Amino acid sequence: MRIYAHRGASKQAPENSLKAFRLAFEQQADGIEFDVYQHDSGIIVFHDRMLVRRTKKDGYLLDTPWSVLSTLDIGDGEHIPTLADTLNTVPNDKWCNIEIKHLVNIEHWVNDVKRAVAASQVDLTRVLISSFNHHWLKDIKALWPEVKIGALSASYELDCTASARALHAYSVNIALDAVDKSFVETVLDAGFSVYVYTVDEPRDILMLADWGVTGIFTNVPDTARQVLATHLP
């Protein structure tokens, strides 16, 4: 079962920071998950629409120029990273899940991500693009057929593989509160991978491993690695 660090090793370092991403790989995470906004200046890594929770500054992320955003402290002296900065923390044998929070021009977004991937050592076959906005994912897949798509959802739909089929997705990314063993079996049997978020408790980690999920998103990759190493053969 793959371990993705949710916004990096975000229990021990500021979320979505270069420090959190580097720490995740030091803790033997298989990959990182992070959030991106298409800003006027390019693609930047941040979770919230508002700045206040992470920076203690008022205002909207998208209304703030990069000349200001780049100076803001998001904790421990870390600053908001760009997509390129973030991908440069990923070894070529590791995975990354790029979750889209804001997107305006899909063609520009795809071109920017392609350039950032090409300039890094990231293996494109280990890049997963996800979003709750499946319209964006459909258009991205049409422009970039070779990229992997994660159909992100917080719901156990009546037809739980419908979105994945429509998107020609690689995986279904589902909330821990919504998933059960039957869901996992159905999705895996249909040929899709299953990723579950956000999984921090050892009991849940072991349960999902027993169900055969492909991977989890966790804030504590070190704990997840230790739990799997200690309790599974």
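When segment 121-145 is examined, which residues are found to be open to solvent by less than 50 Å² (accessible area, probe 1.4 Å), of a type in the set (Val, Ile, Thr) and outside any loop (DSSP other than H, G, I, E, B)?
Correct list: Val127, Ile129, Ile140.
For segment 80-94, does any single residue satisfy the condition of being out of contact with any Gly (no Cβ under 7 Å at 6 or more places or on another chain), more than 28 Å from Ala29 (Cβ to Cβ) and modelled with pLDDT of 95 or more?
No, every residue in segment 80-94 fails to be out of contact with any Gly (no Cβ under 7 Å at 6 or more places or on another chain), more than 28 Å from Ala29 (Cβ to Cβ) and modelled with pLDDT of 95 or more.
Please go through (1) surrounded by 19 or more Cβ atoms within 10 Å (Cβ to Cβ); (2) under 30 Å from Gly212 (Cα atoms); (3) of a type outside the set (S, T, N, Q) for His39 and return the number of the only condition it doesn't satisfy.
Against the list (1) surrounded by 19 or more Cβ atoms within 10 Å (Cβ to Cβ); (2) under 30 Å from Gly212 (Cα atoms); (3) of a type outside the set (S, T, N, Q), His39 comes up short only on (2).
If you take the residues of segment 214-232 that are part of a helix (DSSP H, G or I), among the β-branched types (Val, Ile, Thr) and at pLDDT 95 or above, which of them is surrounded by the most Cβ atoms within 10 Å (Cβ to Cβ)?
Val227
Between Lys148, Lys181, which is basic (Lys, Arg) and either under 22 Å from Lys101 (Cβ atoms) or open to solvent by less than 60 Å² (accessible area, probe 1.4 Å) (or both)?
Exactly one residue qualifies, and that residue is Lys148.
Which of the residues that make up segment 13-63 are within 21 Å of Arg2 (Cβ to Cβ) and of a type outside the set (A, V, I, L, M, F, W, C)?
Answer for segment 13-63, where residues must be within 21 Å of Arg2 (Cβ to Cβ) and of a type outside the set (A, V, I, L, M, F, W, C): Glu15, Asn16, Arg22, Glu26, Gln27, Gln28, Asp30, Gly31, Glu33, Asp35.
Please work out if Lys148 is among the charged types (D, E, K, R) and more than 18 Å from the chain's Cα centre (by Cα).
no
Mind checking which residues of segment 12-36 are open to solvent by less than 10 Å² (accessible area, probe 1.4 Å) and assigned to a helix (DSSP H, G or I)?
Ala20, Phe21, Ala24
Given the residues Ala118, Ala84, which is the only one that is among the aliphatic types (A, V, I, L, M), outside any loop (DSSP other than H, G, I, E, B), open to solvent by 20 Å² or more (accessible area, probe 1.4 Å) and touching a helix residue (DSSP H, G or I) at 6+ places or on another chain (Cβ under 8 Å)?
Ala84
Given Tyr195, Tyr170, which one is of a type outside the set (S, T, N, Q) and open to solvent by 10 Å² or more (accessible area, probe 1.4 Å)?
Tyr170
The values are calculated or read from the model by the stated rules, or taken from the named source; none is laboratory data. Remember, predicted model here, so these are calculated numbers, not experimental data. Positions of Cβ are generated from backbone atoms using ideal geometry, with glycine treated the same way; all protein chains shown enter the neighbour counts. Side chains are part of the model used for accessible areas, which takes the heavy atoms of the whole protein and leaves out ligands, DNA and RNA. Shrake-Rupley method; radii C 1.70, N 1.55, O 1.52, S 1.80 Å.
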